[in-house]
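The values are calculated or read from the model by the stated rules, or taken from the named source; none is laboratory data. Every value quoted in this text rests on a predicted model; they were computed, and no experiment measured them. All Cβ positions, even for glycine, are placed from backbone atoms using ideal geometry, and neighbour counts span all protein chains on display.
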Amino acid sequence: MIDRVFQRLLQSEKEALTEENQARVALNNDNYRFALAGYENLPTGPCYILAVEPLTKSKLLYRGRIWVDAEDFAVVRIEAAPAKSPSFWTKETRVEQAYAKVGDFWLPISNRSSSAIRLGGHAYFTIDYQDYQITAATPLGTPSDVAGYR
């Protein structure tokens, strides 16, 4: 049964990464309602805490809270649950993702999920990312440069 649950979880992750689904899962106003829930100082620095609610029920969207860096406006942390259960076999799933600034980029450092499994207890899934090496990065320039204005 665990194989079946994890296979569904991995399949959902693959679906979310397809080009077709990228716009439907983006963390933006087209997919979510945002509300300021607080402010907190994390080891990475001061962050805004936002409550996020999906505008549609989808296993690829989530509801919960995100922490956004007050200086870079990058997502630092996510604590959430899928808006819709990814499988009949899972009763409840919780996801925690953490990000860290590596050079000029905010990159994932961990992804942890736990699921209550019907007829089977709990399942835990952990990914830790490490040893990033930024090999080349070209600055985007000023907003007017990016837009094609000079």
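Filtered by the rule that a residue be more than 14 Å from the chain's Cα centre (by Cα) and closer than 22 Å to V25 by Cβ, region 106-121 gives S114, S115. So, in region 74-96, of the ones that are touching a residue at least 24 places away in the same chain (Cβ under 8 Å) and β-branched (V, I, T), which residue ends up farthest from L61 (Cα to Cα)? Within region 74-96, the match that is farthest from L61 (Cα to Cα) is V76. Being on the phi > 0 side of the Ramachandran plot and part of a strand (DSSP E or B), is that true of even one residue in region 111-119? Scanning region 111-119 turns up no residue that is on the phi > 0 side of the Ramachandran plot and part of a strand (DSSP E or B). Restricting attention to region 93-121, the residues that are out of contact with any His (no Cβ under 8 Å at 6 or more places or on another chain) and either over 23 Å from V75 (Cβ atoms) or among the hydroxyl-bearing types (S, T, Y) (or both) total 9.
Within region 124-144, restricting attention to residues that are surrounded by 10 or more Cβ atoms within 10 Å (Cβ to Cβ) and at pLDDT 75 or above, the residue that is farthest from E92 (Cα to Cα) is I134. Of all residues assigned to region 29-38, at least one qualifies as being in a loop (DSSP other than H, G, I, E, B) and not polar (S, T, N, Q). Just give me the residues in region 58-105 being more than 12 Å from the chain's Cα centre (by Cα) and more than 19 Å from A116 (Cβ to Cβ), in sequence order. If the condition is that a residue be more than 12 Å from the chain's Cα centre (by Cα) and more than 19 Å from A116 (Cβ to Cβ), then S58, D69, A70, E71, D72, F73, A100, K101, V102, G103, D104, F105 are the ones that fit.
Here is a yes/no grid of residues against (1) more than 17 Å from the chain's Cα centre (by Cα); (2) surrounded by fewer than 12 Cβ atoms within 10 Å (Cβ to Cβ); (3) modelled with pLDDT of 90 or more:
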residue	(1), (2), (3)
M1	yes, no, no
V5	yes, no, no
L10	no, yes, no
A16	no, no, no
E20	yes, yes, no
Y32	no, no, yes
G38	yes, yes, yes
E53	no, no, yes
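No other residue among Y48, Y62, Y132, Y124 is of a type outside the set (V, I, T) and within 15 Å of V25 (Cβ to Cβ) apart from Y62.
Would a scan of region 79-88 turn up a residue that is in a strand (DSSP E or B) and modelled with pLDDT under 90?
First pass over region 79-88, keeping only residues in a strand (DSSP E or B): 79-82.
Keeping just the survivors that are modelled with pLDDT under 90 gives 81-82.
Yes, region 79-88 has at least one match.
Could you check, for region 97-116, whether at least one of its residues is surrounded by 10 or more Cβ atoms within 10 Å (Cβ to Cβ), touching a residue at least 12 places away in the same chain (Cβ under 8 Å) and touching a helix residue (DSSP H, G or I) at 6+ places or on another chain (Cβ under 6 Å)? No: region 97-116 contains no residue that is surrounded by 10 or more Cβ atoms within 10 Å (Cβ to Cβ), touching a residue at least 12 places away in the same chain (Cβ under 8 Å) and touching a helix residue (DSSP H, G or I) at 6+ places or on another chain (Cβ under 6 Å).
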